[in-house]
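Enquirer: This is the structure, below, for whatever I ask next.
A short reminder: the numbers here are calculations on the coordinates, not readings from a lab. Since we're looking at a predicted model, the values are computed, not measured. Cβ placement follows ideal geometry from the backbone for every residue including glycine, while neighbour counts extend to all protein chains displayed.
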Amino acid sequence: MPTPLHDRIPTIILTGFLGAGKTTWLNRLLHDGVPANSVVLVNDFGQINIDASLIAYQDDKIVRLNNGCVCCTLGGSMAEKLAEISRMQPAPGALYMEVSGVANAGRVADMVRVSSRLQLQDIWCFVDVSQAQRYSEDPLVNTVWRQQIQSATQLVLNRYNRGEHLPQALETVLKTSGAVLHYDTTCMPEAVPMASPQSTAALQVGGWHSCTVESRTPISLKSLMQCLEEWATVVYRVKGKLIDEQDGNAYVLHYTGGQCRLTPCDPPPAMTQLVFIASSERALQVIQQQVHRSGVTK
């Protein structure tokens, strides 16, 4: 017998390309209040689940999935976690799913729709307007970027001055979207100014790859910034927590679209953990060599 609608678990999917503001928005939502006994499922891309560690809802109701390229690995782990959540007693008041920034949210939504216990409520897609033209022209990004927007029921446009025209590429995609539009200029802190990236065109694109930098001693934030400036054309995302050896302060770092954003981290992390996401494995190998050679980690 089908589960009555009023007994189903309301499910909200958060999607959007790397660094679009999903975790920031989710933290704001959790701070403002969510239904009792809610569950947060975080599907990150990388060896460690940085996104889960940045969520403010830190208790046993966070479900972590690593290596989160959902567009490629929908099979077992995601289906198993959804099945576990469906069997929880008492039933969660709601399920919030933050999927990987390179995931096809439409396919994740299909998994929710076929569940007898989950009720898809909304798909919130976050779009960094400042990067829209670049992503629309990037052969590695453009397909999943459009899929994310077209799957949305609620669309949040970030880093956008409403007095300006939207990029033409974004306007074109929006014509095929039936989502409700929202505007949020406060979703991320101000960016740290960085120099123009040097060319790395010789490195070939081979899909999505990630690497992790960990250190139990403070690192040189200045050297890290120089490394990001040098490799800005191949690094799509860096995120994590660190302690700067120069001022001794702890920071949460978000890097995307050639811009770096730092916010104070309280309490300080036990160790520096940074995840790099780039467009080729070769690029990450070179980046790791540069990081260690420049003294970024000890």
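Enquirer: Using a 10 Å cut-off on Cβ atoms, rank the peptides 14-23, 252-261 from the highest mean neighbour count down.
Expert: Listed from highest to lowest mean packing, they are 14-23, 252-261.
Enquirer: Separate question: Under a Cβ-Cβ cut-off of 12 Å, what is the net charge of the residues other than Leu274 that fall near it, where Lys and Arg count +1 and Asp and Glu count -1?
Expert: Within the 12 Å Cβ shell, the charges total +2.
Enquirer: If you don't mind, another one. With a sphere of radius 10 Å drawn around the Cβ of Arg117, what net charge do the other residues whose Cβ falls strictly inside it have (Lys, Arg +1; Asp, Glu -1)?
Expert: Summing Lys/Arg as +1 and Asp/Glu as -1 gives +1.
Enquirer: Which whole-Hz ³J(HN,Hα) couplings does the stretch 161-171 yield from phi under the Karplus relation 6.51 cos²θ - 1.76 cosθ + 1.60, θ = phi - 60°, glycine and proline marked x?
Expert: 8, 5, x, 9, 6, 5, x, 4, 4, 6, 4
Enquirer: What net charge is computed for the residues neighbouring Ala250, neighbours being all others with C-beta under 11 Å from the C-beta of Ala250, Lys and Arg scored +1, Asp and Glu -1?
Expert: -2
Enquirer: Show the residues, 5+ positions off or on another chain, whose built amide H is closer than 5 Å to the amide H of Gly16.
Expert: When sequence neighbours closer than 5 places are left aside, the close amide H contacts are Phe126.
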